Amino acid sequence: QVQLVESGGGLVQPGGSLTLSCTTSGSMFSIYAMGWYRQAPGKERELVAEISSAGSTNYAESVKGRFTISRDNAKNTVYLLMNSLKPEDTAVYYCNARMRLGMLNYWGQGTQVTVSS
């Protein structure tokens, strides 16, 4: 079973930066794509950013230009660098992995990001 563990969440002031990390027990060779999703209270979970095994990226319009997703295959880790954070970015952020075999999805436990002064 593939496990995803997120870290790096916390409280940050508007305009600040925060980096989230997601480490997987699975091999990056077995993963088609990894991404970050978020869910705020009363809202549906939404895609924030994703990166494929080929390195292509996709971002939500609301974070484009502010967030950067990257990966380190040697460390089995994907990162989300969040800059110019806004209160609207406050949510629980979840790491997602989609496996090559069967396109099976795995989810992390979530990490809280709160942007407030």
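The mean accessible area for residues of the stretch 34-117, using a 1.4 Å probe and ignoring ligands and nucleic acids, is 53 Å² per residue.
Using a probe of 1.4 angstrom, how much of the accessible area of the chain is carbon and sulfur, in percent? Please report the intermediate quantities before stating the final value.
Values: 3070 of 6200 Å².
Percent of accessible area from carbon and sulfur atoms in the chain: 50.
When only alpha carbons of the chain are considered, Rg and Dmax amount to 13.5, 44 Å. For the chain, a crude dipole built from +1 on the beta carbon of Lys and Arg and -1 on the beta carbon of Asp and Glu, taken about the Cα centre, is about 140 debye to the nearest 20. Taking θ as phi - 60° and the Karplus parameters 6.51, -1.76 and 1.60, the scalar couplings of the stretch 86-96 work out to 10, x, 5, 7, 4, 4, 8, 9, 10, 8, 10 Hz in sequence order, x denoting glycine and proline. Placing pseudo-labels 7 Å out from each Cα toward the beta carbon at K64 and V5 gives an inter-label distance of 3.5 nm. Note down the relative contact order for the stretch 1-87 as a percent, whole number, built from C-alpha pairs under 8 angstrom at least six residues apart. Taking the mean separation of contacting Cα pairs over the length of the stretch 1-87, I get 33 percent. Label-to-label distance, S27 versus Q109, with points set 7 angstrom from Cα along the beta-carbon direction: 2.7 nm.
The values are calculated or read from the model by the stated rules, or taken from the named source; none is laboratory data. Because the structure is predicted, anything quoted here is derived from the model rather than measured. Note that we place each Cβ from the backbone using ideal geometry, even for glycine, and neighbour counts take in every protein chain shown. Keep in mind that these areas ignore ligands, DNA and RNA; they rest on the heavy atoms of the full protein, side chains included. Shrake-Rupley method; radii C 1.70, N 1.55, O 1.52, S 1.80 Å.
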